[in-house]
Amino acid sequence: MIDIHCHILPGVDDGPLGMEETRQILAEAQKAGVKTIIATPHYSHGLYENGMVGQVFDRVKTEAKNYGIELYRGYEIKIHQYPARMPDDYRDLDLAGSKYILMELPFKDFPSYTFDLIYQLQINGFYGYYCPSGKMQEACR
Ligand SMILES: [Fe+2]
């Protein structure tokens with residue numbers, strides 16, 4: 001089983017508070033039969049450029065091996081925070097090097113550029129999107 005949307009990095013946005021809680025998540029995932037997890041912290045400028053998230057990711061990747069779980073890098077992108085980001089810029093934000101990206105919209109809003117962004121992503125080589133929220137699921141139909 002593969003978990004493609006997991007906030008498992010300790011101290012990073014929606015992730016657990018510390019490594020002990022991360023170990024609990026890994027233990028539960030192992031018990032459930034998960035063999036692969038894609039860590040998907042929210043993409044945020046600054047956090048990623050200063051290398052902090054990369055260091056935390058590397059620690060959790062090492063820890064995950066103790067549970068027989070392979071950890072890969074991904075992101076959850078709040079597209080409304082990056083309306084000017086061009087589709088080509090999404091290439092470094094994919095799920096584990098795939099052609100899939102994980103997008104999130106505001107809970108109640110539906111930005112007018114959403115469909116255009118999805119279209120632009122398609123013609124730039126992305127063929128799949130994972131849409132976790134209700135509004136995003138509507139956009140992806
Ligand atoms: Fe999420």
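Cβ crowding within 10 Å, taken as a proxy for footprinting-reagent exposure, orders Glu104, Glu70 from fewest neighbours to most as Glu70, Glu104.
Close amide H partners of Tyr100, meaning residues 5 or more places away or on another chain with modelled amide H under 5 Å apart, are Leu95.
Order by neighbour count: Ser98, Ser112, fewest other Cβ atoms within 10 Å first, most last. Display every interim value, and only then the final one.
Working: Ser98 14, Ser112 8.
The most exposed by this proxy come first: Ser112, Ser98.
Between His42 and Asp14, Glu76, the built amide H atoms are under 5 Å apart, and every one of these is 5 or more places off in sequence or on another chain.
Panel order for Thr40, Thr114, by other beta carbons found within 10 Å of each beta carbon, from fewest to most: Thr114, Thr40.
Rule-based calculations on the coordinates, nothing more; no lab input. None of the values given here were measured: they were computed from a predicted structure. All Cβ positions, even for glycine, are placed from backbone atoms using ideal geometry, and neighbour counts span all protein chains on display.
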